[in-house]
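The values are calculated or read from the model by the stated rules, or taken from the named source; none is laboratory data. Predicted, not measured: the structure shown is a model, and the values here were computed from it. In this analysis, Cβ positions are derived from the backbone assuming ideal geometry, glycine residues included, and neighbour counts consider all displayed protein chains. What goes into the accessible areas is simple: the full protein's heavy atoms, side chains included, and nothing from ligands, DNA or RNA. Shrake-Rupley method; radii C 1.70, N 1.55, O 1.52, S 1.80 Å.
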Amino acid sequence: MSTNFHEDPVYREEFIIGYLRRRLSADLAEQWESHYLACDDCFEEIRATELLIRGLGEPMVERRRVNDVTVLRFAQSTQLLASSLELNELSNVIRVQNDTKVLIDLSRVSRIDSTGLGVLMNCYCHAVKNAGALKLLNADAPVRRVLSVTKIDSVLQMFEDEATAIASFGLPQA
Amino acid sequence: MNFSGEDLEKLRPKVRLKVCYDVGFFCPDVDDIVQEALMRFMVAARDEKIHNQAAMGAFLNGICRNVVSEYRRRNMRDEPMPEVVPEPPGKSIPEAELFELRDAIAQGMEQLSERDRRVLRAFYLEEKSKDEILKQTGMTDENFRVVLCRAKERFRAIYLERTQHPGNSRHSGI
């Protein structure tokens, strides 16, 4: 059986994914190996796919604990819009981990829309219902403006400095 | 058929991937197996045993398979039967190299639009078929191919940049 891996990039990509995930039959894996051992182009494609998968698999929200406060920060520059994958992850991180004292670092957020605000408020309600709090850190001017216009800044406290923000949650519970 | 030292170094990462696929990425003897396979291949080339250049990949693949089989037989003879450990998905790039590439990967991810990331996550991580993605997103086949090729091109450039400047990497595995 002979397959032209160069004919269709989507087909080749499916082959690469199958190979990396060990889903190819022994025959197909052998066929693919015999091909990439002699083909620089396809080998580079395997490497590129692996880097891409790695990038896609990286968490979009970084989470760390300072005392009993959970500090969340977006791994990359982002916009919290209806279509943002980060919004979903942010909500999941807070709900699944059941964090109640949460500080969200918005330094990498350049824009926010009503859906983004809605998610922030949902997270805030979740924290408050569980006797906690949700506060914001380092919001950029455009984000700050939206928070101010919508009066959300009167509900969600905002800070410029992480140490001050963490101190504002009070002493860690024993 | 003559192979220069440069040709050999081009083959090394490919053979390494093939060997890792067979013996596992964490096998401590990967480099020895790769070296043995390359040596046998060079000897065969020098003795003009590779008659069909088009089948060079299959020939090298066969050598790799033999060396791996011998390695396994030797191990089974010398040591008690190893505990069967589930094999993780195949990887072509060592974890340490991926760690060093994390900034470049993050940069590559930042260049992707929200829609592109959503589509790529569906394809690579959720392993949805092209048809499913087209149905869900309403994209055309052509758009999908553009998204895929554009992303692959970026990540291929990241990989090539790294290999063309090996001084950036302390290891030779990549």
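Find the residue count for the stretch A:8-19, including only residues that are at the interface with chain B (Cβ under 7 Å from one of its Cβ atoms) and either under 20 Å from residue B:98 (Cα atoms) or open to solvent by less than 10 Å² (accessible area, probe 1.4 Å) (or both).
Residues in the stretch A:8-19 being at the interface with chain B (Cβ under 7 Å from one of its Cβ atoms) and either under 20 Å from residue B:98 (Cα atoms) or open to solvent by less than 10 Å² (accessible area, probe 1.4 Å) (or both): 4 in total.
Conditions tested, residue by residue: (1) closer than 22 Å to residue B:12 by Cβ; (2) at pLDDT below 80; (3) polar (S, T, N, Q).
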{"position": "B:50", "(1), (2), (3)": "yes, no, no"}
{"position": "B:71", "(1), (2), (3)": "yes, no, no"}
{"position": "B:85", "(1), (2), (3)": "no, yes, no"}
{"position": "B:116", "(1), (2), (3)": "no, no, no"}
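Can you name every residue in the stretch B:33-55 that is surrounded by 13 or more Cβ atoms within 10 Å (Cβ to Cβ) and in contact (Cβ under 8 Å) with a residue 24 or more places away in the chain?
B:33, B:36, B:37, B:38, B:40, B:41, B:42, B:45, B:50
Can you tell me how many residues within the stretch A:103-119 are part of a strand (DSSP E or B) and open to solvent by 20 Å² or more (accessible area, probe 1.4 Å)?
Counting residues in the stretch A:103-119 that are part of a strand (DSSP E or B) and open to solvent by 20 Å² or more (accessible area, probe 1.4 Å) gives 2.
For the list (1) outside any helix (DSSP H, G or I); (2) open to solvent by less than 10 Å² (accessible area, probe 1.4 Å); (3) modelled with pLDDT of 90 or more, I need the number of the one condition that residue A:5 fails.
(3)
So which of A:135, A:151, A:129 is on the phi > 0 side of the Ramachandran plot and either in contact with a Leu (Cβ under 7 Å, 6 or more places away or on another chain) or open to solvent by 60 Å² or more (accessible area, probe 1.4 Å) (or both)?
A:151
What number of residues within the stretch B:100-125 satisfy the criterion of being at the interface with another protein chain (Cβ under 8 Å from one of its Cβ atoms), closer than 19 Å to residue A:74 by Cβ and open to solvent by less than 10 Å² (accessible area, probe 1.4 Å)?
Total satisfying the criteria: 4.
For the stretch B:137-171, which residues satisfy the criterion of being modelled with pLDDT under 90 and loosely packed, with under 13 Cβ neighbours inside 10 Å?
Correct list: B:161, B:164, B:165, B:166, B:167, B:170, B:171.
Give the residues of the stretch A:20-63 that are at the interface with chain B (Cβ under 7 Å from one of its Cβ atoms), farther than 16 Å from residue B:103 by Cα and basic (Lys, Arg), sorted by residue number.
A:21, A:22, A:47
Residues of the stretch A:64-91 being within 11 Å of another protein chain (Cβ to nearest Cβ) and of a type in the set (Val, Ile, Thr), which ones?
A:78
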